[in-house]
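**Q** Dropping a structure here in C-alpha cells format, bear with me for questions.
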Amino acid sequence: MTTSSSERGVSLGMPELPAPAYPADVRARLEADAREVIARYPDSRSALLPLLHLVQSEEGHVTRTGMRFCADMLDLTTAEVTAVATFYTMYRRKPSGDYQVGVCTNTLCAVMGGDAIFETLQEHLGVGNGETTDDGKVTLEHIECNAACDYAPVVMVNWEFFDNQTPASAKRLVDDLRAGQPVEPTRGARLCTFKETARMLAGFPDERPGAVEESGSAGPASLVGLRLARGEAAPARVVHPRGGPHEEPQDRVHEPSPAEHLSSHDAPQETSASDPAHPAGPAAEEGE
C-alpha cells in the first residue's frame, strides 16, 4: 500500500503566490513619498535602503507587499529587493513591538554587564532573542555593537541611547515602556514608536515640536579625544605611587569631577602601579 505525498507530510514545493498589493489609498501615499526619496539620488537603485525603511514605517516590518512595492518603484526584481532586505538586520521580517530594545552583547559591553542585562530582560519579559511581549510593546534582541563603547554597557530603544545600564535600570526601562510612561534617552530626542523611527530613517524629518533641538550631538565621553587634539581638555592628572615623595595627605584626596569621570568604566582601577605591594611582575619569555 502506498501513501500520498500529503499523507507523508512532504511538500510539493509549489511556488508562493504573488504578494498582495497595498490598498489604493496607501499605495498612492507611499508612491508620493517614494518619488520624493528617489529624486534625491542620481541612480534610482540607490534609493532602495530608504524605501525599505519607508515600507517598514507602514506596517512595522518589511512585508512581501512592501518588497514588491520597492521593486516596482525602482524597476528591480523582487529577488534583488529581498536580497537586500534580508541582509541588513535593521529591516524586520516579522511583526514586532512598538519598542525595539537592543542590548549590546559585543566584547566591551558584554564584560561590563551587557550579557547580564540581556539574560535579566529575557527572564523578566518572558521572551527570547528577537521575540515580542504578549502586549506587543517590546521586542528584545541582542545587538553586536551599538557603537557607544565609551558608555558601556549600552541599551538602545528604537535606536536611541540608554547609557551605563545595569540589570535593575534595564528592568525599570522596559517596565516603563510597557506601562506607557514617558522615557527619556540618555542622549538624543524623546522616544517615538518604531514605525515613526523607520520613517525618519527613510529620510523624512522629525515633525514633533522641539524634537530636533533635543537631539543634540555626541556625549562628553565620545568627545574627549577631539578635545585633547584641540588642546581644550584639562591637563591629565598624575597619580603617584603610595608612599612616594609626592603623596598627598589623606584629607586632600582628589575627587574626580563629572568632566573627569565620564563613563562607568572610566573610574580608577587597581593596578600594579597603584598597589606596589602586589606588582604584576615582568611577563615571562616564551619557553620559560
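The values are calculated or read from the model by the stated rules, or taken from the named source; none is laboratory data. Being a predicted model, the structure only gives us computed values, none of them experimental. FYI the Cβ positions are ideal-geometry reconstructions off the backbone, even for glycines, and counts take in every protein chain you see. Just the protein is used for accessible areas: all its heavy atoms, side chains included, with ligands, DNA and RNA removed. Shrake-Rupley method; radii C 1.70, N 1.55, O 1.52, S 1.80 Å.
**Q** Can you pull the accessible area of Ile117 for me, 1.4 Å probe, Å² to the nearest 10?
**A** 0
**Q** In a shell of Cβ-Cβ distance under 10 Å around Pro182, excluding Pro182 itself, what net charge do Lys and Arg (+1) and Asp and Glu (-1) give?
**A** Around Pro182, the charge tally is -1.
**Q** At R0 = 35 Å, how high is the FRET efficiency between Glu59 and Val212 if r is their beta carbon distance? Nearest 0.05 is fine.
**A** Once the sixth-power term is evaluated, E becomes 0.85.
**Q** Please compute the length gained on full extension between Leu17 and Asp72, using 0.36 nm multiplied by the number of residues separating them and subtracting their Cα-Cα distance.
**A** Extending this stretch completely gives an extra 18.1 nm.
**Q** Taking loop as defined by DSSP and a crowding limit of 16 other beta carbons within 10 Å, which trypsin sites (Lys or Arg not before Pro) in segment 132-213 fit?
**A** Arg190
**Q** Any idea of Cys149's accessible area? Nearest 10 Å², probe 1.4 Å.
**A** 60
**Q** Give the average over all directions of the projected area of the C-alpha convex hull of segment 100-210, one decimal, in nm².
**A** The directionally averaged projection comes out at 6.8 nm².
**Q** Convert each backbone phi in segment 171-187 into a coupling constant with the Karplus relation 6.51 cos²θ - 1.76 cosθ + 1.60 (shift: θ = phi - 60°), then list the ³J(HN,Hα) values in order as whole Hz, x for Gly and Pro.
**A** 5, 4, 4, 5, 5, 5, 4, 5, 7, x, 6, x, 10, 10, x, 5, 9
**Q** Let me ask something else. Rolling a 1.4 angstrom probe over the protein heavy atoms, how many square angstrom per residue are accessible across segment 60-193?
**A** With all protein chains present, segment 60-193 gives 45 Å² per residue.
**Q** For a quick check: with amide H placed at 1.01 Å from N, whose amide H comes under 5 Å from His142's, ignoring anything fewer than 5 positions away on the same chain?
**A** Val103, Gly130
**Q** Could you tell me the calculated FRET efficiency between Leu226 and Ser46, based on Cβ-Cβ distance and R0 = 41 angstrom, to the nearest 0.05?
**A** The value I calculate is 0.85.
**Q** If ligands, DNA and RNA are left out, what is the accessible area of Arg35 with a 1.4 Å probe, given in Å² to the nearest 10?
**A** Arg35 exposes around 140 Å² with every protein chain in place.
**Q** Under a point spin-label approximation (7 Å from Cα along Cα-to-Cβ), what is the Ala32-Thr86 distance to one decimal in nm?
**A** A separation of 3.5 nm, rounded to one decimal place.
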